Amino acid sequence: MLRDDWRESAGWLLAAALLAVIVLGYVMPVTGYLSATPGDLGDTRYNSMVLEHLYRVVTGHHAGLWDPEVFYPFKGMLAFSDNHLGSGATYVLARLLGLSREQALNTWFIAGTLLNFAAALYVLRRLGVSTASAALGAFFFAFAVPVPAQGDHLQLVHRFAAPLAVLALWQMFERRRVADLARVVFFTVWQFYCSIYLGLFLAYLLAALGVAILIVRKPFGWPRWRANLAAEPVPARLVAGGILLGSALAFAYLASSYYLISRSYGLWRRVDEITEMLPRAGSYLLADHSPLLAWLGRGVSVPMRWEHQMFIGFGALALILAAVVWRRSAAVPGLTQAMLIALALLIAGTLWVDGMSFYSLVVWLPGIEVIRAVSRIILIMLVPMSVLVALGADALWHRLGRTLPAKVTVLAGLAALLVVEPLTVATRGTPIAQWRSRLDAVKALLPPAVPKDAILFVRTSSTDFLEQIMSELDAMLLGQDLGYPVLNGFSAFTPPGYGLRPCASARERLIGYSRALGGIDISAYSSRLVVVDQGTCPAEAR
């Protein structure tokens, strides 16, 4: 029989190899080996603007935390999308160390990807999975097929708090310790601070897993809960209570900021905007960006198809099936069944079938009514799936690997199953030189002398909707670089008066601001405007 230390060494060696695959097969290519940034010139530059705003706030810029001075003079524009308050530290540190905004963005992206792998590896080990299988599960969580498929949405990168929250919930019920609730709440709130979308989807997962644990483990020994609470040392109870209180206050601050700002501008989504992005059965077959897998969903018809790339790969499915078949062999009793039930509840609760969905029961609730792309929940579904993948790998390794050569062969085969498919997904990055050339082109159009109190407004005569968005983003980044507020803006929502069209009118945008604030005088803002035209726009349109 092989010694346990060999298994452990092989597991850590596999973990290092899989991490190298993520870095060399995904992170470095998508960043052009640090000559580019992940994604396109749209969401990527928006996320850069948010992160740069946090850096400016930390370094003493006069603008308030929620006021990045885009859509100027509207206030609270940070709440129009994700804020990165829970993940921005790596970006700020990179900027403080002298990196450019583009390379600081790459640092932030790389840190999020590595943290996802590390957090999942830690959680799976704590759930009793062998190191080798935990490495496979962590690789799947960090780099499953749907992950690079969402590569244009960098706001979804930092998911590391989700597996930590799931582990805390499992341990709370397993040990029947109320004190563990503090960790559940802490990591859940942290995920909200990283991404509102992912925080909400994590809350769905925790609710589903709580129901699953009640069904499978039946942790109803309330006297033991009370006894364990009474037995907690006073310092431990005080620490847990402090974490709970601090997390609750942090969530209240975040939620109230978003609620008040959204209500002040009347932000909401039409129900049909949300339902068209609810997963369909066919969504789980889509992997259009992979030449190896695209055939599977070729006959599937869904609205907003690019948002429904939810196929996880045949390798992962095979390992999940192995976990189901040999579920009784899991090191932790009931773990397989609980993860399967939680996953089934998430799928059933969000699935859209012939114009009907259980999600309709909650879609109108405050906070939920503004979350549009529910199909992105696949990135949180990867948590229970990664547990099942690791359990399936464990089961196969123990059953098929009777000798050392057999174990090495099985380990290599399992790794190949998971590694090949995500590596076939086409990713894209944008050369940093392209960022800078666009900004240099706009900067060259500025007048020789720009007043210190100027408000910049960049317009384009292009009739292409995408180019109009690019023009807004050009202005946002240029304004940050030069230290000027901008009338332009791009986000998940727009304030009153902000229509995108050729040669957009500065006056209309300022009138929208005036009306939103009850007829406030706009003359002081109009006199500070510096209008830059990309193309030819008539003067009277200003």
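The values are calculated or read from the model by the stated rules, or taken from the named source; none is laboratory data. Computed from a predicted structure; not experimentally measured. Backbone-built Cβ (ideal geometry, glycine too); neighbour counts: all protein chains shown.
Has segment 362-369 got any residue that is surrounded by 19 or more Cβ atoms within 10 Å (Cβ to Cβ) and of a type in the set (Asp, Glu)? Among the residues of segment 362-369, not one is surrounded by 19 or more Cβ atoms within 10 Å (Cβ to Cβ) and of a type in the set (Asp, Glu), which makes the answer no. Do you know which residues across segment 300-315 are closer than 25 Å to Ile274 by Cβ and either in a loop (DSSP other than H, G, I, E, B) or in contact with a Gly (Cβ under 7 Å, 6 or more places away or on another chain) (or both)? Listed by number, the residues that qualify are Val300, Ser301, Val302, Pro303, Met304, His308, Gln309, Met310, Phe311, Ile312.
Tell me which residues, restricted to segment 323-382, are without any contact (Cβ under 8 Å) to a residue 12 or more places away in the chain and at positive phi. Within segment 323-382, Asp354, Gly355 meet the criteria. As an exercise: evaluate Arg509 against (1) within 14 Å of Ser462 (Cα to Cα); (2) outside any loop (DSSP other than H, G, I, E, B) and give the number of the one condition it does not meet. Result: Arg509 passes all but (1). In this structure, Ala17 qualifies as assigned to a helix (DSSP H, G or I), closer than 30 Å to Leu136 by Cβ, aliphatic (A, V, I, L, M) and in contact (Cβ under 8 Å) with a residue 60 or more places away in the chain. Count of segment 160-180 residues, restricted to those that are part of a helix (DSSP H, G or I) and either touching an Asp or Glu at 6+ places or on another chain (Cβ under 7 Å) or at pLDDT below 95 (or both), is 9. Restricting Leu317, Leu238, Leu245, Leu321 to those that are surrounded by fewer than 12 Cβ atoms within 10 Å (Cβ to Cβ) and assigned by TED's automatic domain parsing to the domain that holds Ala144 reduces the list to Leu238.
Is it the case that some residue within segment 269-279 is buried (at least 16 other Cβ atoms within 10 Å of the Cβ), in contact with a helix residue (DSSP H, G or I) (Cβ under 7 Å, 6 or more places away or on another chain) and farther than 30 Å from Pro496 by Cα? Within segment 269-279 (the criterion being buried (at least 16 other Cβ atoms within 10 Å of the Cβ), in contact with a helix residue (DSSP H, G or I) (Cβ under 7 Å, 6 or more places away or on another chain) and farther than 30 Å from Pro496 by Cα), the answer is yes, since at least one residue qualifies. Across segment 437-494, the qualifying residues are those that are assigned to a loop (DSSP other than H, G, I, E, B) and acidic (Asp, Glu), and the one among them that is farthest from the chain's Cα centre (by Cα) is Asp453.
For (1) among the small types (Gly, Ala, Ser); (2) closer than 15 Å to Tyr46 by Cβ; (3) in the same structural domain as Val70 (by TED's automatic domain parsing); (4) at pLDDT 90 or above, each residue gets a yes or a no:
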{"residue": "Val450", "(1), (2), (3), (4)": "no, no, no, yes"}
{"residue": "Asp453", "(1), (2), (3), (4)": "no, no, no, yes"}
{"residue": "Arg459", "(1), (2), (3), (4)": "no, no, no, yes"}
{"residue": "Ser471", "(1), (2), (3), (4)": "yes, yes, no, yes"}
{"residue": "Asp474", "(1), (2), (3), (4)": "no, yes, no, yes"}
{"residue": "Gly479", "(1), (2), (3), (4)": "yes, yes, no, yes"}
{"residue": "Val486", "(1), (2), (3), (4)": "no, yes, no, yes"}
{"residue": "Ser491", "(1), (2), (3), (4)": "yes, yes, no, yes"}
{"residue": "Gly497", "(1), (2), (3), (4)": "yes, no, no, no"}
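Do we have any residue at all in segment 529-541 that's in a helix (DSSP H, G or I) and surrounded by fewer than 16 Cβ atoms within 10 Å (Cβ to Cβ)? Checked against the condition, which is being in a helix (DSSP H, G or I) and surrounded by fewer than 16 Cβ atoms within 10 Å (Cβ to Cβ), segment 529-541 yields at least one hit.
Does any residue of segment 451-466 turn out to be among the basic types (Lys, Arg), crowded, with 21+ Cβ neighbours inside 10 Å and touching a helix residue (DSSP H, G or I) at 6+ places or on another chain (Cβ under 9 Å)? The answer is yes; a qualifying residue exists. Sub-6 Å Cβ pairs linking a first residue in segment 412-441 that is closer than 30 Å to Leu14 by Cβ to a second residue that is assigned to a helix (DSSP H, G or I) and β-branched (Val, Ile, Thr), at least 6 apart or interchain, are Val419/Val21; Thr427/Val30; Gly429/Val30, ordered by first then second residue.
Yes or no: Ala373 surrounded by fewer than 24 Cβ atoms within 10 Å (Cβ to Cβ), modelled with pLDDT under 95, in contact with a His (Cβ under 9 Å, 6 or more places away or on another chain) and assigned by TED's automatic domain parsing to the domain that holds Phe192? When the stated conditions are applied, Ala373 passes them.
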